[in-house]
Amino acid sequence: MRISGPRAVLAGTAAVVLTAVAVLVGLLVRHDAPAPSGTTSAGPRVVVAPAAGRVGVARAVAALAVLRDWDRARARAWADGDAGALRGLYVERSAAGEHDVAMLRAWLRRGLRVRDLEMQVLRVELRRQTERRIVLVVTDRLAGASATGRGRRVVLPRDGPSTRRLVFVRTGDRWLLGSAQDAASPVASTASTSGSANP
């Protein structure tokens, strides 16, 4: 299943289902940030890989909502300078979590807090979804952030797109990030045929 901007492309699923997903994804994923150099501004692409099996509209949208909510919680933890809250978004002993917390503490040592942390999602691929596990391949970029403190405010530059394989694990009633691994980016090939990071 593939969604590109407002147009849905049929890939073995009824057109009405794709239209519904396109509308719901539009509610979940940011569209107003400029596209990276060399890409179109048609909006993010959402793909459900065959390995994910039969995934209904509600479950596919729920997987995207997990990503959206997690990103928002992470932005709050960074803005608050709350290393404990940030660590709580990851499974215990997660290497990705340790790295994120270390970065936050490095900014805090400089007397700065990173606010308005906003990720622009360019592409999401749902690889696997069960009741306890969601595997997404996400291409995104830092679309906005500023560092404030000690009487100054620095607007951080936008970065280029990066692609990571994210594994979310359900613990109780919460989805925590289990791992984040670099993956090959599809954006370069998309840009060449058609022609969205961390603080």
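Label sites at Arg133 and Glu118, each approximated as a point 7 angstrom past Cα along Cα to Cβ, lie 3.5 nm apart. Extension gain for the segment Asp80 to Arg93, taken as residue separation times 0.36 nm less the Cα-Cα distance, is 2.5 nm to one decimal. In loop segments of the stretch 72-120 as defined by DSSP, the GluC sites (Glu not before Pro) with at most 13 further C-beta atoms inside 10 Å of their C-beta are Glu92. Distance between the modelled labels on Ala183 and Arg110, one decimal in nanometres: 3.0 nm (7 Å Cα→Cβ projection).
Here is the list for the stretch 104-160: trypsin sites (Lys or Arg not before Pro) lying in DSSP coil, each with at most 13 other C-beta atoms within 10 angstrom of its C-beta, are Arg110, Arg132, Arg150.
Read-outs: derived from the displayed coordinates by stated rules, not from any lab. Only a predicted model underlies this, so the values are computations on that prediction, with no experimental measurement involved. Methodologically, a virtual Cβ is constructed for each residue, glycine included, from the backbone with ideal geometry; neighbour enumeration extends over all protein chains shown.
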